[in-house]
Amino acid sequence: MKKQVVLVTGAAKGIGRAIALELARVGYDIVINYLTSKQEALDLKNQIIQDHGVRALAIKADVSSEVQVDQMISTIEEELGGVDILVNNAAIDLSNLFHLKNAEEFRRTMDVNVVGAFNCSKRVYRRMLEKEYGRIINISSTNGINTYYPMCIDYDASKAALISLTHNLAFEFAPYIHVNCIAPGFIGTENELDGYDEAFLEEEIEKIMVGRYGDPREVAYLVKFLISDEANFINNTVIRIDGGQKGSC
């Protein structure tokens with residue numbers, strides 16, 4: 001049986017990297033999309049091939065660009081046969097004090113975090129429908145549900161929009177393509193932990209019922225489940241993975 005091909009956007013670091021590694025470990029072929037982290041993406045590709053013996057590509061593309069997404073998917077189709085599973089993980093967070101934010105940054109955040117997911121989904125769905133099989137996982141955030149930080153108002157809005165996009169895509173692509181959304185809380189990636197002092201991190205951990213921040217691999221485990229046959233009756237769902245986050249902020 002042909003291996004399934006998974007495209008993970010924004011996969012060179014953090015949650016995306018953990019997803020790529022875990023899915024490679026269980027036998028999926030992996031496409032690592034990146035924009036700026038070329039060396040990390042190439043190192044990850046080589047690690048996946050060496051450690052897990054699956055096929056892997058690393059492709060640079062700005063997911064907010066229809067042209068670049070089209071080129072990326074065409075390359076995947078030529079080299080691996082196409083995308084069976086799409087994980088829309090690519091995101092930016094241009095945090096800043098509210099009064100210093102501007103419309104250009106807001107638009108860029110929406111373009112990457114929401115339009116990027118739309119572009120990738122629109123480019124892969126026809127082949128999925130032809131095969132009568134496909135899985136799309138959108139990586140949102142509890143920031144899009146009930147965690148509010150005015151410093152990242154644009155990021156929060158984009159993650160809420162991604163939840164809405166999930167519901168609409170699930171409706172449009174049913175019954176063959178399942179579209180689900182994962183909303184992580186405080187996950188201990190490089191971006192989350194760098195730049196914060198110990199007092200702030202302690203305050204954040206106090207808001208989490210399990211008393212710690214999450215590991216990126218725990219998000220990867222949830223993705224692995226949602227794309228497995230065991231989750232065939234799960235569709236159009238938003239699943240929080242936040243350790244029991246207490247309320248807002």
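Applying the criterion of being touching a Ser or Thr at 6+ places or on another chain (Cβ under 8 Å) and crowded, with 23+ Cβ neighbours inside 10 Å to the residues of segment 118-153, the residue that is farthest from Ile85 (Cα to Cα) is Ser141. Could we say that Asn146 is within 14 Å of the chain's Cα centre (by Cα) and not in a helix (DSSP H, G or I) here? No: the conditions fail for Asn146. Checking each residue in segment 154-185 for being modelled with pLDDT of 95 or more, farther than 16 Å from Cys120 by Cα, buried (at least 20 other Cβ atoms within 10 Å of the Cβ) and touching a strand residue (DSSP E or B) at 6+ places or on another chain (Cβ under 7 Å) picks out Ile182, Ala183, Pro184. Looking only at segment 196-246, residues that are part of a helix (DSSP H, G or I) and either modelled with pLDDT of 90 or more or closer than 25 Å to Ser164 by Cβ (or both) come to 16 in all. When segment 13-32 is filtered for residues that are surrounded by fewer than 24 Cβ atoms within 10 Å (Cβ to Cβ) and aliphatic (A, V, I, L, M), the ones remaining, listed by number, are Ala18, Leu21, Val26.
Within segment 72-94, being surrounded by 15 or more Cβ atoms within 10 Å (Cβ to Cβ) and more than 23 Å from Val179 (Cα to Cα) holds for Asp93, Leu94. At least 1 residues being closer than 26 Å to Lys159 by Cβ and free of Cβ contacts under 8 Å to residues at least 12 places away in the same chain is the threshold, and among the helices (runs of 4 or more DSSP H) wholly inside segment 1-92 those reaching it are 66-80.
The values are calculated or read from the model by the stated rules, or taken from the named source; none is laboratory data. It should be emphasised that the depicted structure is a prediction, and the values quoted were computed from it without experimental measurement. Methodologically, a virtual Cβ is constructed for each residue, glycine included, from the backbone with ideal geometry; neighbour enumeration extends over all protein chains shown.
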